[in-house]
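Here is the structure we will look at.
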Amino acid sequence: MNIAELRETWLGRQFDRAEFEVEAKEMLDWAEACGETDARFTDSTHPDFQAHPGFTAKYASRRTLPTDFPQLGDGRGVDGGKCVESLGPIRPGDVLGATSLIADIYEKTGRSGTMVFIVHRMRYENQRGEPVSVVDWRMIRNVG
Amino acid sequence: MVTKFEDVELGDDLPEESPDVSLVRVTKFAVAAHMLWGRFTDHEFARKEGFAGAIVPGIMSQGLLAAMIHRWAPGCRILKIDTVFRTPMLADSHPVCKGAVTDTDEANRTVEIDLTIVTDKGETSVVGTAVVQLA
């Protein structure tokens, strides 16, 4: 496995696009389950009612990786965490278009061996074409 | 409580919180997040998968930290929140959310906050950072 080759081949390649309709009830339930008390997120009648900052992290693209991406390790992954950037408010009824690409590939070596980190990035824009969120999901593959 | 950028000093600690991660609350989150998997909603099922019990979804732990930030600085805007899930956090446990201001940017009126969630066994389950814009 050559990380430089993987990066050269895969970084920045868009491999999926999906759409998601945002529902008020899910926005409310998400915020309340997280213990949110700010009315912007818990009161659907608030004039600035919007989705909680990490809300888009719940959406999954149809594919985790491109269909022809090489298998690393045993193919099973560990969730290494998520980074959510909020670029604009997400309102109920919005239809979000999301594109998926591989934003980064790097490796780290620790006590449990060598791990490859693959950063799956989803960029979201609303029905007016305004960017609203970017979610980076770090997937970890143990390659020995 | 913080109402504007000038209220914040580098090194300030956010008030610690003990969030509700009861199985009922986690299940509510799992429904909203379309993550209705046994490992999140059923202790027995999770044990069969090798966990000590049902676990809190990683993205819910991120939401717990965001809620803590909103209570610390009402009306603030979380521009970015980045969390790493280190060890599973169990549903029906008693974790503690913590935060500390590690950087300030006067020009953009933003602060950076280091975030952690510590389990009732003293393990750091989640670490992260947030960039928050204040009035």
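Please determine, by comparing only the residues of the range B:105-130 that are in a strand (DSSP E or B) and of a type in the set (D, E, K, R), which one is farthest from B:A91 (Cα to Cα). Give the steps one after another, and end with the answer.
Taking the range B:105-130 and keeping what is in a strand (DSSP E or B), we get B:105, B:110-118, B:124-130.
Retained after the next criterion (residues that are of a type in the set (D, E, K, R)): B:105, B:112, B:114.
Details: B:D105: 37, B:E112: 29, B:D114: 24 Å.
Selected residue: B:D105.
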Any idea which of (1) open to solvent by less than 20 Å² (accessible area, probe 1.4 Å); (2) part of a loop (DSSP other than H, G, I, E, B); (3) closer than 21 Å to B:G63 by Cα is the one A:V119 doesn't satisfy?
-> (2)
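Here's the yes/no breakdown for (1) surrounded by 18 or more Cβ atoms within 10 Å (Cβ to Cβ); (2) in contact with a strand residue (DSSP E or B) (Cβ under 8 Å, 6 or more places away or on another chain); (3) of a type in the set (K, R); (4) facing chain B (nearest Cβ under 8 Å):
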{"site": "A:P47", "(1), (2), (3), (4)": "no, no, no, no"}
{"site": "A:A57", "(1), (2), (3), (4)": "yes, yes, no, yes"}
{"site": "A:L65", "(1), (2), (3), (4)": "yes, yes, no, no"}
{"site": "A:D79", "(1), (2), (3), (4)": "no, yes, no, yes"}
Among the residues of the range B:1-54, count how many are in contact with an Asp or Glu (Cβ under 9 Å, 6 or more places away or on another chain), more than 10 Å from chain A (Cβ to nearest Cβ) and hydrophobic (A, V, I, L, M, F, W, C).
-> 6
Restricting the range A:92-115 to residues that are at pLDDT below 95, under 20 Å from B:T83 (Cβ atoms) and in contact with a strand residue (DSSP E or B) (Cβ under 8 Å, 6 or more places away or on another chain), the one least open to solvent (accessible area, probe 1.4 Å) turns out to be A:M115
When you go through B:A130, B:A100 one by one, which is the residue that is of a type in the set (A, V, I, L, M, F, W, C) and within 10 Å of chain A (Cβ to nearest Cβ)?
-> B:A130
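The values are calculated or read from the model by the stated rules, or taken from the named source; none is laboratory data. Note that this is a predicted model, so its numbers are computed, not measured. Cβ: placed from backbone, ideal geometry, glycine included. Neighbour counts: every protein chain shown. The protein model used for the area step is the full one, side chains on, heavy atoms only, and it has no ligands, DNA or RNA in it. Shrake-Rupley method; radii C 1.70, N 1.55, O 1.52, S 1.80 Å.
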